[in-house]
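Novice: A single structure is presented below for examination.
A short reminder: the numbers here are calculations on the coordinates, not readings from a lab. Everything numeric in this text was worked out from a predicted model, so none of it was measured. Cβ placement follows ideal geometry from the backbone for every residue including glycine, while neighbour counts extend to all protein chains displayed.
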Amino acid sequence: DHVISAIPARNCPELVRECRDMGVKVVQFFSAGFAETGDPEGIELQKKIVEIAKGSGMRLLGPNCMGLYCPASKISFCFNYPQESGPIGLISQSGSNCTYVVRSAAVRGLRFSKVISHGNACDINECDLLEYLTDDPETKVIAAYIEGIKDGNRFRRVLARAAATKPVLIYKGGFSEAGGRAAATHTGSLAGSYAAFESLLRQVGAVPVQSVGEMVDMLVAILHM
């Protein structure tokens, strides 16, 4: 059902072939060393794993990501996360931001339905995950940390539907010059204009936040008011 890869990037194409031939549903890559490096070899390796999986029905999560935390299914990428489920669905390209939000929220009594760290988003991306959480009956509030967007038109449609269904908080990283460089080297993402992005959020009714700390504060406010 779900394979987790923690092997070197150079060995991942062979792993994907084996998983494809076995009928695996999802491969999640904790493995790094792909497009986020900016090296031609890493970029090519990422293209290769996508090409191998293409048309098989198998989906790829990552690479360069922490993966899934779902208390109801007893799946986690940290040993000390709460085992109780809650109403918050969180997606994050950054594994460290993911961890910070969960731990900061947990000490304030908040719990999560699903948390997905999706890294470079070579296949499963922010639109897929927002659609899933929009339709997930266990998720009452959606929070997202996003560095790059694969398809702007689809993102707007998906986000508008999500925000019309339940509260949506978005923290967009990488807008300063330094932040843009960090996003490029972190998940291989391009950042874009913050003014344009914030305008989009306000048009569709999503709530922009400026930090992971503010995201946790807003989650507390939304869930207790």
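Novice: Measuring from label point to label point, each 7 Å out along Cα→Cβ, what is the Glu214 to His2 span in nm?
Specialist: About 3.2 nm separates the two model spin labels.
Novice: Related question: Taking the Cβ of Val209 as the centre, find all other residues whose Cβ is under 12 Å away and add up their charges (Lys, Arg: +1; Asp, Glu: -1).
Specialist: Net local charge, Val209 excluded: -2.
Novice: Ok, one more. In nm, to one decimal, how far is the modelled label at Lys74 from the one at Met22, with both set 7 Å along Cα→Cβ?
Specialist: 2.0 nm
Novice: Treating the Cα atoms of the chain as identical point scatterers in vacuum, please give the log10 of the normalised Debye intensity I(q)/I(0) at q = 0.09, 0.12, 0.18 Å⁻¹, two decimals.
Specialist: -0.35, -0.63, -1.38
Novice: Further question: Answer with one residue from Ala162, Gln210, Ala195: the one whose Cα lies farthest towards the positive end of the charge dipole of the chain, charges on Cβ with Lys, Arg +1 and Asp, Glu -1.
Specialist: Ala162
Novice: Now for a different question. Using a Förster radius of 30 Å, what is the FRET efficiency between Ala196 and Arg108 based on their Cβ-Cβ separation? Nearest 0.05, please. Please list the in-between numbers first.
Specialist: Numbers: r = 32 Å, r/R0 = 1.08.
So the FRET efficiency works out to roughly 0.40.
Novice: What angle do you read, to the nearest 10 degrees and between 0 and 90, between the alpha-carbon axis of helix 212-224 and the longest principal axis of the chain?
Specialist: Orientation of helix 212-224: about 50 degrees from the principal axis.
Novice: Shifting gears a bit: Any chance you could count the Lys pairs in the chain whose alpha carbons are under 28 Å apart, treating pairs 8 or more apart or on different chains as valid?
Specialist: Pairs that pass both the separation and distance tests number 25.
Novice: Return the distance in nm (one decimal) between the two label points of a simple spin-label model at Ala221 and Arg161, each offset 7 Å from Cα along Cα→Cβ.
Specialist: The answer from the label model is 2.9 nm.
Novice: Ok, one more. Helix 12-22 sits at what angle to the longest principal axis of the chain, using alpha carbons and giving 0 to 90 degrees rounded to 10?
Specialist: Taking the Cα atoms of the chain, the angle to 12-22 is about 90 degrees.
Novice: For a quick check of your reading of the filter: which GluC sites (Glu not before Pro) in segment 24-127 sit in a DSSP loop and have no more than 11 other Cβ atoms within 10 Å?
Specialist: Numbers: sites: Glu36, Glu41, Glu44, Glu51, Glu84, Glu126; in loops: Glu84.
The qualifying sites are Glu84.
Novice: Against the longest principal axis of the chain, how steep is helix 40-53, in degrees 0 to 90 to the nearest 10, with axes from Cα atoms?
Specialist: Taking the Cα atoms of the chain, the angle to 40-53 is about 90 degrees.
Novice: Additional query: Based on DSSP, what percent of beta bridges with both residues in the chain are antiparallel, to the nearest 5? Mind showing how you got there, number by number?
Specialist: Working: 4 of 30 bridges.
About 15 percent, rounded to the nearest 5.
Novice: Run through segment 1-89 and list the chymotrypsin sites (Phe, Trp or Tyr not before Pro) located in a DSSP loop whose Cβ has at most 12 other Cβ atoms within 10 Å.
Specialist: For chymotrypsin sites (Phe, Trp or Tyr not before Pro) across segment 1-89 that sit outside H, G, I, E and B with at most 12 neighbouring Cβ atoms in 10 Å, the list reads Phe79.
Novice: Asp151 to Asp135: extension gain in nm, 0.36 nm per residue of separation minus the Cα-Cα distance?
Specialist: Using 0.36 nm per residue and subtracting the Cα-Cα distance, I get 3.7 nm.
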